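*Asks:* Handing you a structure now.
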Amino acid sequence: MNYSALFSGPEGELATFVCRFLEAKGALIEATGSRIDLLLPKSLSKTLALDDYISITPGTVADTRSDGAPVYPIHFGSPLLEKISAMAGARPPLLAMALTFEYLKQGGYDHLIRDQFEFYKTTGRVSGFGEVKTHYLVVTCKFLAQSDEQKEGLVDLAVNMETGAVVPEMIQNLTGVGKDYRKTMSRAYDRADIDRLMALVRQYVIDTVKQEITEFRQSMNRRFSRDTASLDEYYRALENEMTESLMRTGLSERLKAERKEKIALIPGELAAKQADLLNKYSIHIKVSLSAAMAVSTPAVKVLFTAVSGRQQKNLSMIYNPVTKSMDPLVCEACGQSMYRIGLCKGLHLLCASCQARGCSLCRS
């Protein structure tokens, strides 16, 4: 059904989403004036805790049909929309897409590699290249940052399925590329594949989220500093007042002893209050997978011979036609993506951190 002819505006888009979802789940739909009547399958009506025959309308005004049946308004925050949104997001969708290019770069890889990569006690040269088909997984993750307040949003990340390299700027550059959406996957992705990649990209996702919540984090830090300063000032004034009270004439030794005990407790009370504030304004981040898109694309595999002293190692690099640059390499010790080429004595490809600590693979 063409819903664009029935609904308009933001609430119309929400009503369209509800109708498309219910229709995909087997509901029969009929337009009646400004509302939509739906006949739901038994299983669906039971899951949503609704009657089999319902109606919906965009907006915030609840109504009933002439036969007394309810009409559910669809707007941000409406109960039916919340239920359907939860159902739609329960299992992250996986989409397949193939990219097409009229032309692939056929040379100049030596220059491109020198521009992108930093060589640490290593030199090298391109020894060959050829066109290949490679695969990427673009993941969309939802984050929830919770503190005294909370902030949520979405972040995207692209990872090469063959190499495990996380590719910056790929998603932004997909806009102008020819795409062919597929109903079937060009390659199978088992649970082990997905778990391996999610473990790989999790740290990158967290780093991206931290960049996204910079202002939120600064706001929480400012409030923490403000409340900590007020707390310090209060307890300092309290301690000064109680200390001065000890100098009053006529104060019994028993009262002096009691006040001295209270004064001695002040640092502990202050520390406990400070710990409460720290817990209040600490930021806890939760990340979950919202969607994934399997992307297959032609690319160029570039064979690069890296030379370290009298030893050499053959590396495979990928020229990515979407970013028009080389994908990063991957540290063989920790799996981090990198643009710094360094080899240990055992010829393991290492990132700067792993090289500084010493190769964990051969202890050299």
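*Asks:* Is it the case, given these coordinates, that K280 is basic (K, R) and closer than 30 Å to E152 by Cβ?
*Replies:* Yes: the conditions hold for K280.
*Asks:* Among the residues that make up segment 282-294, is at least one of them under 30 Å from D180 (Cα atoms), surrounded by 13 or more Cβ atoms within 10 Å (Cβ to Cβ) and hydroxyl-bearing (S, T, Y)?
*Replies:* Yes, segment 282-294 contains at least one residue that is under 30 Å from D180 (Cα atoms), surrounded by 13 or more Cβ atoms within 10 Å (Cβ to Cβ) and hydroxyl-bearing (S, T, Y).
*Asks:* Could you look through segment 21-51, keep only residues that are touching a strand residue (DSSP E or B) at 6+ places or on another chain (Cβ under 6 Å), over 18 Å from A86 (Cβ atoms) and of a type in the set (A, V, I, L, M), and pick out the one that is surrounded by the fewest Cβ atoms within 10 Å (Cβ to Cβ)?
*Replies:* L28
*Asks:* Another question, if that's okay. Report yes if G108 is of a type in the set (G, A, S), surrounded by fewer than 16 Cβ atoms within 10 Å (Cβ to Cβ), more than 30 Å from V287 (Cβ to Cβ) and at pLDDT 90 or above, otherwise no.
*Replies:* Taking the combined requirement at face value, the residue satisfies it.
*Asks:* Right, another one. Please work out which one of (1) in contact (Cβ under 8 Å) with a residue 60 or more places away in the chain; (2) closer than 30 Å to Q150 by Cα; (3) in contact with a Phe, Trp or Tyr (Cβ under 7 Å, 6 or more places away or on another chain) is the condition L277 fails and give its number.
*Replies:* For L277, the exception is condition (1).
*Asks:* Name the pairs whose Cβ atoms lie under 7 Å apart, with the first residue in segment 280-306 and within 30 Å of S127 (Cβ to Cβ), the second of a type in the set (D, E, K, R) and surrounded by fewer than 19 Cβ atoms within 10 Å (Cβ to Cβ), and 6 or more positions between them or separate chains?
*Replies:* Pairs that qualify, where the first residue is within 30 Å of S127 (Cβ to Cβ) and the partner is of a type in the set (D, E, K, R) and surrounded by fewer than 19 Cβ atoms within 10 Å (Cβ to Cβ), are S296/K133; P298/E131; P298/K133; V300/K105; V300/E131; T305/R125; A306/K313.
*Asks:* Is segment 295-311 home to any residue that is among the charged types (D, E, K, R), at pLDDT 95 or above and part of a strand (DSSP E or B)?
*Replies:* Yes, because at least one residue in segment 295-311 is among the charged types (D, E, K, R), at pLDDT 95 or above and part of a strand (DSSP E or B).
*Asks:* Could you list, in sequence order, all residues of segment 144-161 that are assigned to a strand (DSSP E or B) and either surrounded by fewer than 19 Cβ atoms within 10 Å (Cβ to Cβ) or out of contact with any Ser or Thr (no Cβ under 8 Å at 6 or more places or on another chain) (or both)? Break it down into steps so the answer makes sense when it comes.
*Replies:* At the first step, the residues of segment 144-161 found to be assigned to a strand (DSSP E or B) are 144-146, 150-160.
Of everything in segment 144-161, those that are assigned to a strand (DSSP E or B) and either surrounded by fewer than 19 Cβ atoms within 10 Å (Cβ to Cβ) or out of contact with any Ser or Thr (no Cβ under 8 Å at 6 or more places or on another chain) (or both) turn out to be L144, A145, Q146, Q150, K151, E152, G153, L154, D156, A158, V159.
*Asks:* Would you tally the residues in segment 247-280 being in a helix (DSSP H, G or I) and among the hydroxyl-bearing types (S, T, Y)?
*Replies:* Kept after step one, since they are in a helix (DSSP H, G or I), are these residues of segment 247-280: 253-280.
Subset that is among the hydroxyl-bearing types (S, T, Y): none.
Count: 0.
*Asks:* Scan segment 312-364 for residues that are farther than 17 Å from D115 by Cα and basic (K, R) and jot them down.
*Replies:* Scanning segment 312-364 gives K313, K345, R357, R363.
*Asks:* If you go through segment 114-126 one residue at a time, do you hit one that is outside the structural domain of Q312 (by TED's automatic domain parsing) and within 27 Å of the chain's Cα centre (by Cα)?
*Replies:* No, segment 114-126 contains no residue that is outside the structural domain of Q312 (by TED's automatic domain parsing) and within 27 Å of the chain's Cα centre (by Cα).
*Asks:* Here's another thing I want to ask about it. If T175 passes every condition in (1) hydroxyl-bearing (S, T, Y); (2) touching a Gly at 6+ places or on another chain (Cβ under 9 Å); (3) surrounded by fewer than 16 Cβ atoms within 10 Å (Cβ to Cβ) but one, which one does it miss?
*Replies:* The number of the failed condition is (2).
*Asks:* Suppose we keep only residues that are hydroxyl-bearing (S, T, Y) and assigned to a strand (DSSP E or B) within segment 111-129. Which one would you say is surrounded by the most Cβ atoms within 10 Å (Cβ to Cβ)?
*Replies:* Y120
*Asks:* Mind checking which residues of segment 220-236 are more than 21 Å from the chain's Cα centre (by Cα) and not charged (D, E, K, R)?
*Replies:* Within segment 220-236, N221, F224, S225, T228, A229, S230, L231, Y234, Y235 meet the criteria.
*Asks:* Return yes or no: is T323 closer than 26 Å to G178 by Cβ, assigned by TED's automatic domain parsing to the domain that holds T175 and not acidic (D, E)?
*Replies:* The answer is yes for T323.
*Asks:* While we're here: Just for segment 171-206: of the residues that are modelled with pLDDT of 85 or more and part of a helix (DSSP H, G or I), which one is nearest to D156 (Cα to Cα)?
*Replies:* Among those residues, the one meeting the criterion is V205.
*Asks:* Restricting the search to segment 308-333, which residues are under 11 Å from T163 (Cβ atoms) and surrounded by fewer than 18 Cβ atoms within 10 Å (Cβ to Cβ)?
*Replies:* Selection gives L315, S316.
*Asks:* Consider segment 115-129. How many of its residues are within 21 Å of V322 (Cβ to Cβ) and out of contact with any Leu (no Cβ under 9 Å at 6 or more places or on another chain)?
*Replies:* 2
The values are calculated or read from the model by the stated rules, or taken from the named source; none is laboratory data. Worth saying up front: this structure is predicted, and the values here are computed from it rather than measured. Here the Cβ is made from the backbone with ideal geometry for all residues, glycine too, and neighbour counts use every protein chain on show.
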